[in-house]
1. Please identify the GluC sites (Glu not before Pro) of region 48-122 that satisfy two criteria: DSSP loop assignment and at most 11 other Cβ atoms within 10 Å. Which are they?
2. Under the Karplus relation 6.51 cos²θ - 1.76 cosθ + 1.60, θ = phi - 60°, what is the ordered set of whole-Hz ³J(HN,Hα) values for region 31-39, x standing for Gly and Pro?
3. Among the trypsin sites (Lys or Arg not before Pro) within region 44-108, which fall in a DSSP loop and have no more than 12 other Cβ atoms within 10 Å of their own Cβ?
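Since every read-out is calculated from the coordinates, none of them should be taken as a lab result. For clarity, every value in this text was computed on a predicted model and none was experimentally measured. Glycine gets a Cβ as well: all are built from the backbone with ideal geometry, and neighbour counts include every protein chain shown.
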Amino acid sequence: MLLQILLFDNLAIGSCFNPLVYIVIIVLLPVETLPVVMLLAGGATGMVADLFTAGAGLNAAATMAAAFIRQPLLSLFRDRDEMRGGVPSAQLFGNEGRFIRYAAALVFIHHGIFFLLESLSAAGIGYALLRLLLSGSFTLLFVLLAARLFNLNVSSK
């Protein structure tokens with residue numbers, strides 16, 4: 001959250017580039033996290049982001065939606081019975097491709113909701129899609145890097 005507030009919110013690389021890297025919190029919460037805890041974490045994360053960015057509830061709405069859809073996405077990319085506990089990773093999903101698809105789906109759902117709510121017009125949909133593509137791609141790279149770094153720390157214990 002501090003990286004989002006102190007670094008990424010202050011990047012001025014054009015109006016199309018707005019990485020929302022705090023979504024890494026939802027992507028990497030342990031698999032066995034209860035749905036109510038997931039929704040509370042999504043709401044709290046979004047509200048903190050809104051507090052520091054004057055987001056008027058956009059971050060909270062997008063993050064709550066991502067938290068809500070997370071469990072079905074986990075089930076879509078990996079059978080619940082086969083998934084042992086732990087933090088989502090390539091090892092947990094069985095291969096890198098499944099994990100990347102899961103993370104990409106969650107990031108782009110979150111960013112899509114955020115940018116479409118922000119534009120709130122059919123005329124701005126092209127611009128919102130451009131922002132979704134640029135910001136979502138960078139955020140996905142950040143999420144994958146964070147997952148890899150977190151996994152190194154976990155496996156070294």
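1. GLU82
2. Karplus-based 3J(HN,Hα) across region 31-39 equals 4, 7, 4, 5, x, 5, 5, 4, 5 Hz.
3. Listed in order of number, the matching sites are ARG80, ARG84.
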